[in-house]
1. Taking the criterion of being farther than 29 Å from M92 by Cβ and either within 10 Å of the chain's Cα centre (by Cα) or assigned to a helix (DSSP H, G or I) (or both), would at least one residue in segment 127-141 satisfy it?
2. Only one of these conditions is not met by E250: (1) in contact with a Leu (Cβ under 8 Å, 6 or more places away or on another chain); (2) surrounded by 12 or more Cβ atoms within 10 Å (Cβ to Cβ). Which number is it?
3. Can you tell me which residue is modelled with the lowest pLDDT among those in segment 319-331 that are small (G, A, S) and either surrounded by 14 or more Cβ atoms within 10 Å (Cβ to Cβ) or closer than 20 Å to L279 by Cα (or both)?
4. Looking only at residues that are away from the ligand (no atom under 11 Å from the Cβ) and free of Cβ contacts under 8 Å to residues at least 24 places away in the same chain in segment 300-318, which one is surrounded by the fewest Cβ atoms within 10 Å (Cβ to Cβ)?
5. Within 16 Å of the ligand (Cβ to nearest atom), modelled with pLDDT of 95 or more and not aliphatic (A, V, I, L, M): does that describe T209?
6. Mind telling me which of the residues P273, P253, P233 ends up being in contact with an Asp or Glu (Cβ under 8 Å, 6 or more places away or on another chain) and away from the ligand (no atom under 12 Å from the Cβ)?
7. Regarding A184, is this residue within 16 Å of the ligand (Cβ to nearest atom) and over 13 Å from the mean Cα position of the chain (by Cα)?
8. Tell me, please, whether a residue that is near the ligand (Cβ under 7 Å from one of its atoms), touching a residue at least 40 places away in the same chain (Cβ under 8 Å) and touching a Phe, Trp or Tyr at 6+ places or on another chain (Cβ under 6 Å) can be found in segment 237-247.
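The values are calculated or read from the model by the stated rules, or taken from the named source; none is laboratory data. As the structure is a prediction and not an experimental result, all values here were calculated from the model. Note that we place each Cβ from the backbone using ideal geometry, even for glycine, and neighbour counts take in every protein chain shown.
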Amino acid sequence: MTVVPTKTALEFVGAATWSALSGRPVTSDFFDNVHEVPHVRIGQQADLVVVAPATANLLAKASYGLADDLLTNTLLTAHCPVVMFPAMHTEMWEHPATRANVATLRDRGVLVVDPDSGRLTGYDSGPGRLPEPEAIAWIVQAALAKTGLSPDLRHRHVVISGGGTRERLDPVRHIGNRSSGKQAMSLAAAAVSRGARVTLIRGDVDVPTPAGVEVIDALTADDMLAAAQGLAPAADAIIMAAAIADFRAETLPDSKIKKSDSSTLTLNLVHNPDVLATLVAQRSGRTPLLVGFAAETGDEAGTWLEHAERKFAKKGCDIMVANPVGHDRAFGADHNEAVLLLGGGISEEIPGTCKVALSHRVLDAVVDRLV
Ligand code: CTP
């Protein structure tokens, strides 16, 4: 990793710190170490250039192709994908000059990730906040995971559900499904890295959300259904990676269920709505592409793949991502294997790989089917 700070960045963190952390010489000036031609070589040799934070000034300089320091020279010589994470006050982010510069950069293939909304420098609050480091790291990982990354989902709205639902039993207890949310976050990061507008319907998750993602929190199956139905008319694709509990309590008491002398407790459960099946049933006119996940174990009635094929036929979605699960398989892991069921008897095997790479394969199939 090579750190290329601007002169202003060095006001915040000094060159010695950057150099110690990266293990490389650090400068903002292209007149240093001229024999190594760093103003050309760094960009030429990079696999990815990440600008974080990208100020209004940097966005303007990059959009006009100015080259007055090592960073702007690096941007002009980079052959690899470039990802920028803008951070500035809301007025600056919303100013027509910045909007025009962002549009120019995006037209040129630069990935400019929308900033977070929240506390800014001083007492101000609003859109323009730099996302948290883990949220930025998701996008960097996703951008590095695909060779020939391109903004092929730009102007597309991709909705992703993820995490498990928590169905309340009483004011202090719930039942739910196991899910870390990693697969959904990987999909969201991969979709952002391809230029999509991404909305995450977020259940109970263990991992941070990637930068540039709009979030709707939905902890129950009913909330997920309402969110998905609200977003469906304007979405291009909905990917249901959430682990939605199939049952919820028939009644919800106002007070805690007390321990009784009986050694058993009987709960009456009722079926939750099937979000994916409902979206399929309500298809009309311009509908989003619908992608389901089938996390299966094999049993005496069939292998995990046979179960997934039956589920694909039953649910009627456009693509089904089938993957084997077990007590220590897939849940919370960084890696996953899958078979993409694409309809008409066509399937595609994705051997064990990281969840971000698997997500890109799923999105490749989505891009192929979007008209
Ligand atoms: N799903 C859904 N609504 C539910 C349950 C599941 O939309 N109430 C979606 C999941 O997000 C996933 C797909 O349906 O995309 C398959 O989920 P899965 O839990 O594997 O299957 P179920 O339909 O719940 O069937 P079963 O538990 O009997 O295998």
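1. no
2. So the condition that E250 fails would be (2).
3. By that ranking, first place goes to A330.
4. Filtering segment 300-318 for residues that are away from the ligand (no atom under 11 Å from the Cβ) and free of Cβ contacts under 8 Å to residues at least 24 places away in the same chain, the one surrounded by the fewest Cβ atoms within 10 Å (Cβ to Cβ) comes out as E300.
5. Here the answer is no, as T209 does not meet what is asked.
6. P253
7. Here the answer is no, as A184 does not meet what is asked.
8. yes
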